[in-house]
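Take a look at the structure below.
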Amino acid sequence: MASVHPMMTFVHGSAPSLKGVPFAVEGDAGALRAARQIARDLGGEAFTIGKPRKAAYHAWGAFASPLLVALLATAEQVARAAGLSAAQARKKMLPIVKQTIANYEALGAAGAFSGPIVRGDANTVRQHLRVLKKTPAARDVYRALAQAALRYLPVRQRAELKRVLKL
């Protein structure tokens with residue numbers, strides 16, 4: 001018995017290509033051969049993952065797609081506070097979202113990271129938190145992501161930002 005799990009999102013109305021998509025495969029030796037062949041037949045690239053790590057693999061996928069969509073939906077709510085509709089927000093933020101993904105692909109997380117946190121601009125972060133009081137869920141997301149940035153990315157004025165963020 002084996003499992004085959006592509007690192008891809010599948011939603012109604014979309015038929016993504018599986019060419020070059022990584023497929024995590026797990027199982028007994030004979031079934032793994034068949035699983036790898038299935039991945040190759042679909043144009044994907046199989047790699048083995050141990051059963052104890054499948055939940056972490058799935059959580060990784062959740063961060064890479066559905067939670068990314070949740071972040072974009074949160075950004076739409078913040079845009080509403082700035083006077084834009086959700087549709088306007090989607091259209092107007094796509095250039096920065098696409099460039100950010102391109103930067104991440106080319107430069108990695110640290111090289112793609114920009115904005116007030118990387119600069120250590122505590123005053124701007126303070127202003128963001130102030131305006132986000134009107135959308136508490138977005139404020140919570142902002143603080144959680146800022147905390148992740150302080151943990152995983154290069155930032156200036158780390159101690160001051162922690163104070164502003166109350167971390």
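The values are calculated or read from the model by the stated rules, or taken from the named source; none is laboratory data. All values derive from a computational prediction rather than experimental measurement. Ideal geometry is used to build each Cβ from the backbone, glycine not excepted, and the neighbour counts take in all protein chains shown.
Some values worked out for this structure:
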item	result
Considering residues of the range 93-132 that are surrounded by fewer than 12 Cβ atoms within 10 Å (Cβ to Cβ) and among the charged types (D, E, K, R) only, the residue nearest to L153 (Cα to Cα)	E105
Residue that is farthest from A62 (Cα to Cα), among those in the range 12-30 that are out of contact with any strand residue (DSSP E or B) (no Cβ under 8 Å at 6 or more places or on another chain) and surrounded by 10 or more Cβ atoms within 10 Å (Cβ to Cβ)	G30
Cβ-Cβ under 7 Å pairs, at least 6 apart or on other chains, the range 144-167 side touching a residue at least 60 places away in the same chain (Cβ under 8 Å) and more than 15 Å from N123 (Cβ to Cβ), far side of a type in the set (K, R) and assigned to a loop (DSSP other than H, G, I, E, B)	none
The range 120-150, residues that are touching a Leu at 6+ places or on another chain (Cβ under 9 Å) and not in a helix (DSSP H, G or I)	G120, D121
Qualifying positions in the range 48-84 - within 24 Å of H12 (Cα to Cα) and in a loop (DSSP other than H, G, I, E, B)	S65
Criterion violated by R33 - all others in (1) out of contact with any Leu (no Cβ under 9 Å at 6 or more places or on another chain); (2) buried (at least 16 other Cβ atoms within 10 Å of the Cβ); (3) without any contact (Cβ under 8 Å) to a residue 60 or more places away in the chain; (4) farther than 21 Å from S17 by Cβ satisfied	(2)
When residues of the range 17-31 are limited to those that are aliphatic (A, V, I, L, M) and farther than 14 Å from K54 by Cβ, the one nearest to the chain's Cα centre (by Cα)	V21
Residue tally, condition under 16 Å from the mean Cα position of the chain (by Cα) and either within 13 Å of V78 (Cβ to Cβ) or of a type in the set (A, V, I, L, M) (or both), over the range 107-139	5
Unique match (being assigned to a helix (DSSP H, G or I) and either in contact with a strand residue (DSSP E or B) (Cβ under 6 Å, 6 or more places away or on another chain) or within 17 Å of A146 (Cα to Cα) (or both)) among I101, I117	I117
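Let's see how each residue does on (1) in the same structural domain as A149 (by TED's automatic domain parsing); (2) free of Cβ contacts under 8 Å to residues at least 12 places away in the same chain:
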| residue | (1), (2) |
| --- | --- |
| A79 | no, no |
| P95 | yes, yes |
| Q99 | yes, yes |
| A102 | yes, yes |
| A112 | yes, no |
